[in-house]
Structure formats: C-alpha cells, structure tokens
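Written below as structure tokens is the structure these notes are about.
The values are calculated or read from the model by the stated rules, or taken from the named source; none is laboratory data. Note that the structure is predicted; figures quoted are calculated from it, not measured. Virtual Cβ from ideal backbone geometry, glycine too; neighbours counted across all protein chains shown.
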C-alpha cells in the first residue's frame, strides 16, 4: 500500500492546512464539501472526493467509515442513465441538473483511482464494487470525449486516469490507449518546446501533479520513464520562469485567474512552497477574495520528481536573465521573459485564451507590499474585475478576461504590445486597451512627460507617445500609449485611479451611444476592411542599472516611436538606447507578420536561456556543458556553479550521443528516450532515466563514478576499459 503521506515540513504543513480547511467546509447535512461564493452556496464533487481520500491519508483506517460515506454520497453525482450522451460523467456541483462541465470526470477519477490503489483492499466490498464500476464507466466517457491533445491539463489527466484505470481494472485496452495518448502528447509537445497552456499559475500545478502521479503509480516501466522525463521538462519550464526576488511565476501566462495575476496564493505557489518552503509564497493578495487557501492536500502529498539539477536554479539566476520559449509553433505562439533582481517582465507573441496574461510585470515594491504588479487587458463596454462569471467556480470574483487580439515583441526590458478587436456581436458603448498598476496610492512618484502628477490631479488626458513614468521603490516603469483608431467622436487616452489601481485607458470608442459595429461583426464580412490600431510600449528599469529615476526619465524621453500603416500592415518601431524593436502585423488577416530586434528577424527558439536550451540541431551548449546527438528535440541544462548538468532525448529515436560536462563525458552509440544527469561530489554521480539500454554507455571520468540507472545503483556493473581509459556500462537486453 502506498499512502503518499507528505514528507518534509513544507509538505506536512500544506497537507495539514488543506485538510483542516476541508473539515471547516464540510457540510454534515449534505455529506459533501461546501463552497460559498458571491452567487450562492454549492457542493463541489471533486473537492468532496479529495476530502474523503485525504481523511484516510491523515487518519489511516479509523477514518474509513466517514470516507466511505462521503464517497458514496459523491458517487450520486455520476451520470448512470443508460444511453446518456455523457454516461459516466460527473456533475461539477451537486446542485447541477446534470453533466455540464465535461472535465468533471477527469477530476473525479483523479481522486477515485488512487484511492482504490491505496485502500481498495481495506474498504468494504460493496464500496469497492461501486468505485470500480464508477471507474469503468468514467474511463469509457474519457475515451469518448478524447479531448484534444493541446488541452494540456485535461489531456494529461486523460492519460493519468486512463493508464491507472487500466491498472485497477486490469484492462489492457485502457493501458494501450493510455500509452498511445502519452506518445501523442509527447510528440505534440516536442514539435514546439513547451505546452500550449504554458506557464500557468493554476494549471502548471495540475500538469506537474498528473505526470508525477503517473510516474509514481504506473506499473508500466516505459510509461514511468516517459512521464518522469516529461515532468522534468515541465519543471525546467517552471524553474526558469520562477522569479525568486518577488516569489512570483513571471509571465506571460497562458491561463491565469485574477488572484494569480495579482500575486495571490495559487496552485503553482503551493507546489513551489512544498519544495522551497518560502513563506512569501503563502502571502495573501488583497486584490482577490477567493482561491487563497494556505493549504493543499494535493501539493502536500504529491510524489513530485523535482530533479536535483534544478534546485539551485529555483533560487539563483544570473542578474540579467532572458528566457525565450515556443508553446505552439504552428500557431506562432511563443513567450519572452526578462528578469533582474528587481523585476520580471513577460510578453506573449499572440493571443490564445481569454484568461491570458499577455503582458505582465512583477517587481519588488517597498514594504509592506513586497510585490508590485502591472498587467494589461483589452476591455469591451467598461468591464472591470467582477464583470465575468466563471461557471466552474460559480463566481464573478475570479476573472478579468481579455477581450481583444494581441501581438507582442519583447527584447529584455522593452516590449511592444498591440491589440485589436475580436468580432463584436453585441451593442458596444466603449472599447479600450487598459494597463493596470496595483496599489496606486502607495506608488512612489508619477510623471507625464516632464510634469509630476498626483492621483488627486487625475483623470488626466495624455497624447499618443507621451511618456507615463512610474517610480516605485527602486523600479522604474515607462508606458507610452500608441495612437488608437478612433471609432467615434472621441478616443481619449486617460490616466486615473480606480478601486486602488492606477489605470491607463487607451480608448478606441469612448462611452458613445451603444451601437452595433457592422464593420467588426465579422472579421471577413461585407463592411470589414481591416482591424483597428491599439496598444502601447513599455520599458522597465531599476536603480542598479540607471542609478536614479532622473537618469531613467531622461533615457526614455529620448526614445523614438514610429507607427505606420502600409496597406493592411501596421509596423511599430521603438528605438531606445542601443535597441531597435520592430513589430509588423497584418490588420486585415489578423496575424503577426514579422518581429525584428536590432535589425535581425526574430525566430523564436524551442527554448533559449543562459542555463537551459532545447533545439532540433544535433548540437547544444549551455554553460560548460555540450551535447552532440541526432536531430531530435533534445534539451540541455547546466548549473556550473552548483556542479549539476543534465541532457535529455525526449523521443523514441535512438541516436549517437555525446554529453560533455566539466567532470565527465558520456557517450552511447544508441541512446533513446531518456535523460542523463551529472552531479559533482566526492564521487561523481551519474543518474540516468531511460526506456532502454540497447548499447554500452562509455564514461570518461577521473575516478570511478557512481552510476544510477532508473533508480538502481549499477556502479558494480561498470567495467574499466584499459585501452580507452574509460568506464563502460554494458548494454542490457
């Protein structure tokens, strides 16, 4: 029996706080967890199942009777009507009339199947039979749904649930489907670099947990290795974007709730707290009232596989640190992030979800705030936080949705952010790009061009290309609105305070008479001739680089903007200091055409950073490490100061492999799906995860290394070859 009880102080604390909160929320009368929101009182099924499971984990067999009662009650939410289109699915809330959220079956089985694996031999035969039947029809519903492989968190839950359901039901067909889905997801991811739901404060936690559970629980050795190697790839993605000075997951974010945007506690922070124990990760945000629990039974108990070669990178990065990564190459979807010890700025290339943070800045703010936040949105009809209803949470207090198209280009601390309209079907009375800076009353100083302004002197009108400069502590932010299309009688640019935020509103249509925009009802209709102009430029500096705000002020005032339209193409240029950024979009076809940095066309890499790279080139370099291999989507990570290096082949192609580090060289004539890591120490340690060992591994090292293969110490199997002066680990059938 494997109970996953959390290990370490941070895990124990998360688990204890999580189950304590669940106990407080348990509704004895309903027999389920209760959820109170601004729209009513509900009883979520997935959380109720999680509570039943956690009760047994915390209290062992003594808690089984209560857990069984909750499980039976929650199972009433499963659709069991023969012939129903979603037979085997679950209601999200007990109050629902039927299956409304098709993902509910994934989150229900995510709890039921591990519970069966851990405690199936200890529960009553009747409940075991009920749960096995629930898994059987639930797995069939998952197969019918066959969610698109790009829907990252649900696709990974599909794989997890299908593989483990195959194990608990002893169904080889389910296992085969799970293997196929795993290979499809890996191939899709390998075509780009990272996942479509990239860098998500909410869903990264789901993704990591799904892969960790799969690697830990499957009895299929091939799936186990593939799941752990891909979990490590997502850990690389998370570690690179974690900004330790502010304790935030730097943007851009593919999907994020308002709480995640404003620096509050969220899923990835629970996961990071488990490993880092940093109290700042448990700091509540004042800008969101929900999703702020300091506990998480999932993060507290999950058998993560954070690799040792990434542990230092979570906390320590170079002072000027750039990351570029591709999420979906076929859609031109990539992300750019730049960090210093003071701030982290992130920009997406294109839009892909209404919950995107397409441009977001975190920075170190003076005490007691600690974290400053700036982000942008395109807004239709004066919506603000609280305007969007989120069906899953039954709340209007979780989202401020994006309502426009977006294209972006970032080079280090400078970004061009362009917006345009999505099709407009309802009457419109305002359209605008907005940039928000939190904690407006606490901001240090604000200028518009050369004039110092205060909140009491706002609202204030700005002109296109004016410099709005904000100094907050030792971080300096310059915003420059671009000239907006005027769709009415007035399209002002306004600066003002609203609900504690400093807001820059760049209007395209200013609170005019509500009207149907025939031109934009369809973006290929009879009146459509091209999209609108909207957007802004941002540049960020800090005291360490500029000395004082006056020097930064003088610098940004010298910046030059050119914004021109040729036919349907809009090109925005920003020249600042030694840099020239150029972004061209087609406003008729609504697509990104070209990005240029300092005269060179920008081609987004699979992954590029000073310490981690991924590419299909056959030759990679990071730090003092080098990798020569076949043309596979290999990745390489180097922590030279920490004495740790890793390289991976995330494909089934067996390639010639030469992995060089300062301590050792590892060579194989045929290395397939797997990862090699090298660690410094009194004895050099070589840790390998691999699906197969079809060829000898040749190790060049000053002294006999310790060699771990798929968790087993195989050092004794290594033979020293006198002719070549290397250690050889023989092939294995």
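Pick out the one residue from 261, 297 that is assigned by TED's automatic domain parsing to the domain that holds residue 239, within 22 Å of residue 210 (Cβ to Cβ) and either in contact (Cβ under 8 Å) with a residue 40 or more places away in the chain or crowded, with 20+ Cβ neighbours inside 10 Å (or both).
297
Scan the stretch 631-641 for residues that are outside any strand (DSSP E or B) and in contact with a helix residue (DSSP H, G or I) (Cβ under 7 Å, 6 or more places away or on another chain) and jot them down.
Across the stretch 631-641, the qualifying residue is only 633.
Does residue 162 satisfy the criteria of being assigned by TED's automatic domain parsing to the domain that holds residue 40, surrounded by 24 or more Cβ atoms within 10 Å (Cβ to Cβ) and either farther than 29 Å from residue 200 by Cβ or at pLDDT 95 or above (or both)?
Spelling it out, residue 162 is indeed assigned by TED's automatic domain parsing to the domain that holds residue 40, surrounded by 24 or more Cβ atoms within 10 Å (Cβ to Cβ) and either farther than 29 Å from residue 200 by Cβ or at pLDDT 95 or above (or both).
Within the stretch 138-157, count every residue that is buried (at least 17 other Cβ atoms within 10 Å of the Cβ) and closer than 23 Å to residue 72 by Cα.
Here the count works out to 5.
Of (1) under 15 Å from residue 414 (Cβ atoms); (2) surrounded by fewer than 23 Cβ atoms within 10 Å (Cβ to Cβ), residue 367 satisfies all except one. Which?
Here residue 367 clears every test but (1).
Does any residue in the stretch 110-125 that is closer than 11 Å to residue 53 by Cβ come within less than 7 Å, Cβ to Cβ, of a residue that is at pLDDT below 95 six or more places away or on a different chain, and which pairs are these?
Sorted first by the residue in the stretch 110-125, then by its partner, the pairs are 118/1; 118/2; 118/3.
Identify all residues within the stretch 339-357 that are assigned to a strand (DSSP E or B) and at pLDDT 95 or above; write none if there are none.
339, 343, 344, 345, 346, 347, 348, 350
What's the number of the condition residue 195 fails, among (1) crowded, with 24+ Cβ neighbours inside 10 Å; (2) assigned to a helix (DSSP H, G or I); (3) within 15 Å of the chain's Cα centre (by Cα)?
It fails just one condition, (2).
Report whether or not residue 360 is touching a helix residue (DSSP H, G or I) at 6+ places or on another chain (Cβ under 6 Å) and outside any loop (DSSP other than H, G, I, E, B).
no
For the stretch 281-308, which positions are over 30 Å from residue 440 (Cβ atoms), in contact with a helix residue (DSSP H, G or I) (Cβ under 9 Å, 6 or more places away or on another chain) and assigned to a helix (DSSP H, G or I)?
The answer is 297, 298, 299, 300, 301.
Let's see how each residue does on (1) over 26 Å from residue 326 (Cβ atoms); (2) at pLDDT below 95:
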| residue | (1), (2) |
| --- | --- |
| 397 | yes, yes |
| 401 | no, yes |
| 409 | no, no |
| 421 | yes, no |
| 425 | yes, yes |
| 430 | yes, no |
| 452 | yes, no |
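Checking residue 396 against (1) crowded, with 24+ Cβ neighbours inside 10 Å; (2) over 17 Å from residue 504 (Cβ atoms), only one condition comes out false. Which one?
Unmet condition: (1).
Of everything in the stretch 617-630, what is in a loop (DSSP other than H, G, I, E, B) and touching a strand residue (DSSP E or B) at 6+ places or on another chain (Cβ under 8 Å)? Give them in sequence order.
618, 623, 624, 629, 630, listed by residue number.
Could you list, in sequence order, the residues of the stretch 446-457 that are in contact (Cβ under 8 Å) with a residue 24 or more places away in the chain and in a helix (DSSP H, G or I)?
455
Got a sec? Which of 40, 88, 83, 31 is buried (at least 21 other Cβ atoms within 10 Å of the Cβ) and on the phi > 0 side of the Ramachandran plot?
Among 40, 88, 83, 31, only 88 is buried (at least 21 other Cβ atoms within 10 Å of the Cβ) and on the phi > 0 side of the Ramachandran plot.
Output the number of the condition that residue 190 fails; it satisfies all remaining conditions of (1) touching a residue at least 40 places away in the same chain (Cβ under 8 Å); (2) touching a helix residue (DSSP H, G or I) at 6+ places or on another chain (Cβ under 8 Å).
(2)
Could you please let me know if residue 144 is modelled with pLDDT of 95 or more, in contact with a helix residue (DSSP H, G or I) (Cβ under 9 Å, 6 or more places away or on another chain) and assigned to a helix (DSSP H, G or I)?
Criteria not met by residue 144.
Residue by residue through the stretch 700-712, note down the ones that are over 16 Å from residue 669 (Cβ atoms) and touching a strand residue (DSSP E or B) at 6+ places or on another chain (Cβ under 7 Å).
701, 704, 705, 706, 707, 708, 709, 710
Determine whether residue 478 is under 17 Å from residue 361 (Cα atoms) and more than 22 Å from the chain's Cα centre (by Cα).
Yes: the conditions hold for residue 478.
Residues of the stretch 461-479 being surrounded by fewer than 18 Cβ atoms within 10 Å (Cβ to Cβ) and assigned to a strand (DSSP E or B), which ones?
The answer is 461, and nothing else.
If we keep just the residues of the stretch 503-546 that are farther than 24 Å from residue 409 by Cα and within 34 Å of the chain's Cα centre (by Cα), which is surrounded by the most Cβ atoms within 10 Å (Cβ to Cβ)?
Here the answer is 509.
Of the conditions (1) closer than 20 Å to residue 420 by Cβ; (2) touching a residue at least 24 places away in the same chain (Cβ under 8 Å), residue 499 clears all except one; give me its number.
(1)
Can you pull out the strands (runs of 3 or more DSSP E) entirely within the stretch 642-728 that have at least 3 residues that are at pLDDT 95 or above, within 33 Å of the chain's Cα centre (by Cα) and buried (at least 18 other Cβ atoms within 10 Å of the Cβ)?
644-649, 655-660, 674-679, 685-690
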